[in-house]
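> Would you mind keeping the following structure in view while I ask a few things?
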Amino acid sequence: MIRLTIAALALASAAPVFAENHTIAGGEGAQERLQEALILAEPGDTIILEAGRFALTDGLSLDVDGVTIKGSGMSGDSESVLDFTKQQGAGEGLLVTSDNVTLRDFAVENAKGDGIKSKGADNIIYHGLRIEWTAGPKASNGAYGIYPVESSNVLVQESYVRGASDAGIYVGQSENIIVRRNRVVENVAGIEIENSNFAEVTENLTTKNTGGILIFDLPGLPKVGGGSVLVARNAVIDNNTDNFAPEGNIVASVPSGTGIMVMANTNVQLRENALINNSTSHVMLIAYTQDFKDERYQPRPVDVVVSGNMFGSGGNAPDIPGGEKLAAAFGGALPGILSDGLHQGLAVEDAEPVVSLGLTKVGQSMTEANPKLLEPVIAGEVERLTAVTLPDGMEARLK
Amino acid sequence: MKLSRGFFLLALAFLIASIVARALPPQKVNDAAVLGTAGSEGASYKLPRTLAQFGFFQDAAGRVPGGDLIPYELNTPLYSDGADKLRYLYVPEGQPIAADGDGLLQLPVGSAIIKTFAFGAGEDQSYIETRVLLHRADGWLALPYKWDAEQTEAKLAVAGARIPLTRPGGVEVSYRIPNKNQCKSCHSKDAEVIPIGPKVRNLSADLLAKLEERGFLAAASTSDRQLPVWRARAENPDTAALARAYLDVNCAHCHQPGGAASNSGLDLRWEQSNPHDIGIRKPPVAAGRGAGGHAVSIAPGDPDASIMVYRMSSTEPGVAMPELGRSTNDDEGIAIVRKWVAEMAPAGEPAS
């Protein structure tokens, strides 16, 4: 009987028997001790960050599959903070290049470049993280807070990002993506999904950014043709922070006061969001404005659904050329949905008017705008996007 | 008594000889250390703790290369904070190298590439680190070894190190020894670790002839598009070739399809001829403040409006390019790239 129990135990714990925990504390030599642990970890291991501050001078990186980095909290008395205030090298705080990695319950402060970047890192989970530039919005802050790129199966949840000079949470050139229950505050873009497919952005609070949520596609990249994106049940409030992005970047052209912006994407559904006090427009649909030579590229917003959203006050100070006059023409505030006129297949199921700037050609100058109110095109209930499902066992890693 | 004394002396002589023999470093390269297999004495060579374990050098201080090591130079080298580099190639005997056109030498399993980074000359020369690239059965492995202050031993530094030093000429450098992952970050393509330097087009005809002579290369391959010799740049009127060679060597390991910066869409390889892909009038993607307020990577005729020049000319993390491997600017490299961009017709056709 005893022998049987032991055998059963051995079987039941077959996988984790070899998984080890490596506990790392802050203090003297944290850079080398933590980096060495990240390098020598074996698949299945957990690197535990003790509560406290880790003063780091260089970027950290993880390149072992199946490793978990777990702190003791993202904020409060028991927080584990990777502090990059004195960083001297590398383009990000933490770089992950391996699959099946879980990052949870710690903070990254004042990274010189991006906060956490994961590239070609499939099945990655970002959970309960705080990525923050502690002096608030500044052009000298790093670009992205949470930055998965070129990956499949990405889960970003219950995290907090503040101060990113590009996007708080940016998912690029990826597919099968869930971004949910995060708080993104005082970034240029709160959440940005770019050149990506099959994404769900749900139940996030995006507030005091320049733009709340951006769904973009850019030409000339290895992966183009973004689409199949659901943006649902988010609170998109007060995104009126002056644009502090360094010029040259695409987000530097995002008007302050943007709620949700869709550019050059196909099959995007905006459902049941609360859109409140975004002073340019709650929902903007635009085509890519610059020259491009990429034959694969589709510059317009195509097949966009706007349904079940709550439109609060807003549109009262449009940060676009001629915006003041335009608002005045509509009695002091624009209606909640603004298009450059280049969209195709727009279905608005909400009782909210659409202002079109009346452009007819991609790349046409705004000076040729011919604003008009579009007749509502109520198409009836539109088919929902297929739900994004993550691979079996992925979310179980958080148990 | 006499005999016994003579015997004693003889025994002593043997003892001394054997001690000396043991004290002498191995003459041959320790193939088990290169391959990561168990050594004859059962030692584990997965991650050799010291450089001496490889037996690449005849002395522990790494000054005298073993006879199996082939020294080489590159036409255009990577800038590493002005460090001098001593490069060696080790190929196990009887194993041929395959050529891949004018690209990377296809070194057989068991090969190693050894590169020591040093500052100063002659008596004052100081070794900082020696990086090794080992071709093992499961692929290439990159490991950094850090020299001690006494210059007697180099030990594995998987986590890297940051070393403040003063360059001859007085420039302060916060020199960074990359950690094992950072090694891979530059040395990877399509998630595989690969060498960067020894491409046929960047090797001297001398070296290629030597490899042929020693039976490693079937026929000395060359290219009709060899990279120019950087040291002789003052006499080279072809600025475009110098600039493109510089970008190939310093940037393209990341900025190419499958490289660490593939998502940028920027491809700075020598063989790339598409103007947009090498950055001409190409808007940034995820440059953030690295864009420095500029709209395109290369603005033809206007280096001061080019993100590429801006990032090469910065030492600030998050802005500086390359991201790894330098904490000072390469003024000579910047000058060549500036000249190339300045001379570029605003119409935007690359001269190379």
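> Residues in the range A:138-147: is at least one over 17 Å from the mean Cα position of the chain (by Cα), open to solvent by 30 Å² or more (accessible area, probe 1.4 Å), within 14 Å of chain B (Cβ to nearest Cβ) and closer than 20 Å to A:THR207 by Cβ?
yes
Okay, residues lined up against (1) modelled with pLDDT under 95; (2) under 25 Å from the mean Cα position of the chain (by Cα):
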residue	(1), (2)
A:ILE286	no, yes
A:LYS293	yes, no
A:ARG300	no, yes
A:VAL304	no, yes
A:GLY308	yes, yes
A:GLY314	no, yes
A:ILE320	yes, yes
A:LYS325	yes, no
A:GLY331	yes, no
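> Give the residues of the range A:38-55 that are within 14 Å of another protein chain (Cβ to nearest Cβ), under 22 Å from A:SER98 (Cα atoms) and open to solvent by less than 50 Å² (accessible area, probe 1.4 Å), sorted by residue number. Talk me through it step by step, then tell me what you get.
Looking only at the range A:38-55, we keep the residues that are within 14 Å of another protein chain (Cβ to nearest Cβ), and these are A:38-42, A:47, A:54-55.
With the extra rule that they be under 22 Å from A:SER98 (Cα atoms), the set shrinks to A:38-42, A:47.
Selection gives A:LEU38, A:ILE39, A:ALA41, A:ILE47.
> Oh, and also: Identify, by number, the condition in (1) within 11 Å of chain A (Cβ to nearest Cβ); (2) crowded, with 24+ Cβ neighbours inside 10 Å that B:LEU268 doesn't meet.
The single condition B:LEU268 does not satisfy is (1).
> Now for a separate question. Do you know which residues across the range A:106-131 are farther than 18 Å from A:GLY66 by Cβ and either more than 11 Å from every other protein chain (Cβ to nearest Cβ) or within 16 Å of the chain's Cα centre (by Cα) (or both)?
Matches in the range A:106-131: A:PHE106, A:ALA107, A:VAL108, A:GLU109, A:ASP114, A:GLY115, A:LYS117, A:GLY128, A:LEU129, A:ARG130, A:ILE131.
> What number of residues within the range B:54-64 are free of Cβ contacts under 8 Å to residues at least 40 places away in the same chain and open to solvent by less than 60 Å² (accessible area, probe 1.4 Å)?
Matching residues across the range B:54-64 total 3.
> Could you give every pair whose Cβ atoms fall below 9 Å, whose first residue belongs to the range A:327-349 and is over 26 Å from A:VAL362 (Cβ atoms), and whose second residue is of a type in the set (Val, Ile, Thr) and surrounded by fewer than 19 Cβ atoms within 10 Å (Cβ to Cβ), counting only separations of at least 6 or pairs across chains?
A:GLU349/A:ILE378; A:GLU349/A:VAL382
> In this structure, is A:LEU34 facing chain B (nearest Cβ under 10 Å), more than 25 Å from the chain's Cα centre (by Cα), over 25 Å from B:ASP190 (Cα atoms) and buried (at least 21 other Cβ atoms within 10 Å of the Cβ)?
Yes; evaluated as a whole, the condition is true for this residue.
> Next question, about the same structure. If a residue has to be farther than 24 Å from B:LEU211 by Cα and basic (Lys, Arg) to count, how many in the range B:107-162 make the cut?
Final tally of qualifying residues: 3.
> Related question: In the range B:32-45, what count of residues is obtained for those that are more than 13 Å from B:LEU133 (Cα to Cα) and surrounded by fewer than 18 Cβ atoms within 10 Å (Cβ to Cβ)?
8
> Kindly check whether there is at least one residue in the range B:243-256 that is outside any loop (DSSP other than H, G, I, E, B), open to solvent by 30 Å² or more (accessible area, probe 1.4 Å), small (Gly, Ala, Ser) and at pLDDT 90 or above. Give the steps one after another, and end with the answer.
In the first step, residues of the range B:243-256 are kept if they are outside any loop (DSSP other than H, G, I, E, B); the result is B:243-250.
Among the residues that remain, those that are also open to solvent by 30 Å² or more (accessible area, probe 1.4 Å) are: none.
Checking the range B:243-256: not a single residue is outside any loop (DSSP other than H, G, I, E, B), open to solvent by 30 Å² or more (accessible area, probe 1.4 Å), small (Gly, Ala, Ser) and at pLDDT 90 or above.
> Can you tell me which residue among B:VAL337, B:VAL309, B:VAL341 is under 20 Å from B:PRO283 (Cα atoms), within 14 Å of chain A (Cβ to nearest Cβ) and modelled with pLDDT of 90 or more?
B:VAL309
> Right, something else. Which of (1) within 16 Å of A:ALA111 (Cβ to Cβ); (2) more than 10 Å from chain B (Cβ to nearest Cβ); (3) among the β-branched types (Val, Ile, Thr) is the odd one out, the single condition A:THR68 does not satisfy?
Every listed condition holds for A:THR68 apart from (1).
> Can you report the number of residues in the range A:158-174 which are open to solvent by less than 10 Å² (accessible area, probe 1.4 Å), out of contact with any helix residue (DSSP H, G or I) (no Cβ under 8 Å at 6 or more places or on another chain) and in a strand (DSSP E or B)?
Selection size over the range A:158-174: 5.
> Regarding the range B:314-322, can at least one residue be identified that is away from every other protein chain (no Cβ under 14 Å), within 24 Å of A:GLY220 (Cα to Cα), open to solvent by less than 20 Å² (accessible area, probe 1.4 Å) and part of a loop (DSSP other than H, G, I, E, B)?
No, that holds for no residue.
> How many residues does the range B:292-310 contain that are under 28 Å from the mean Cα position of the chain (by Cα) and closer than 23 Å to A:PHE216 by Cβ?
Here the count works out to 2.
> Okay, next question. Go through the range B:153-181 residue by residue and tally those that are open to solvent by 10 Å² or more (accessible area, probe 1.4 Å), in contact with a strand residue (DSSP E or B) (Cβ under 7 Å, 6 or more places away or on another chain) and among the β-branched types (Val, Ile, Thr).
Counting residues in the range B:153-181 that are open to solvent by 10 Å² or more (accessible area, probe 1.4 Å), in contact with a strand residue (DSSP E or B) (Cβ under 7 Å, 6 or more places away or on another chain) and among the β-branched types (Val, Ile, Thr) gives 2.
> Further question on the same structure: Could you tell me whether any residue of the range A:244-262 is under 21 Å from A:VAL388 (Cα atoms) and not in a strand (DSSP E or B)?
no
> In this structure, is B:PRO284 out of contact with any Pro (no Cβ under 6 Å at 6 or more places or on another chain) and either facing chain A (nearest Cβ under 8 Å) or open to solvent by 30 Å² or more (accessible area, probe 1.4 Å) (or both)?
Taking the combined requirement at face value, the residue satisfies it.
> Here's another thing I want to ask about it. Among the numbered criteria (1) within 14 Å of another protein chain (Cβ to nearest Cβ); (2) over 23 Å from B:LEU105 (Cβ atoms); (3) acidic (Asp, Glu); (4) touching a residue at least 12 places away in the same chain (Cβ under 8 Å), which one does B:GLU172 miss?
All conditions pass for B:GLU172, except number (4).
> Given (1) touching a strand residue (DSSP E or B) at 6+ places or on another chain (Cβ under 9 Å); (2) touching a residue at least 40 places away in the same chain (Cβ under 8 Å), identify the lone condition not met by B:ARG244.
(1)
> List the strands (runs of 3 or more DSSP E) inside the range A:183-236, counting only whole elements, that have at least 1 residues being surrounded by fewer than 23 Cβ atoms within 10 Å (Cβ to Cβ) and free of Cβ contacts under 8 Å to residues at least 40 places away in the same chain.
The qualifying strands (runs of 3 or more DSSP E) are A:183-185, A:197-202, A:205-207.
> Please specify each residue of the range A:64-84 satisfying the condition of being open to solvent by 40 Å² or more (accessible area, probe 1.4 Å) and of a type in the set (D, E, K, R).
Result: A:ASP65, A:LYS70, A:ASP77, A:GLU79.
> Exactly one condition in (1) surrounded by fewer than 23 Cβ atoms within 10 Å (Cβ to Cβ); (2) out of contact with any Pro (no Cβ under 8 Å at 6 or more places or on another chain); (3) in contact (Cβ under 8 Å) with a residue 24 or more places away in the chain; (4) more than 11 Å from chain A (Cβ to nearest Cβ) is not met by B:GLU235; state its number.
(3)
The values are calculated or read from the model by the stated rules, or taken from the named source; none is laboratory data. All of these numbers come straight from a predicted model, not from anything done at the bench. For neighbour counting, all protein chains shown are included, and Cβ atoms are generated from backbone atoms with ideal geometry for every residue, glycine included. Just so you know, the surface numbers come from the protein's heavy atoms only, side chains and all, with ligands and any DNA or RNA stripped out. Shrake-Rupley method; radii C 1.70, N 1.55, O 1.52, S 1.80 Å.
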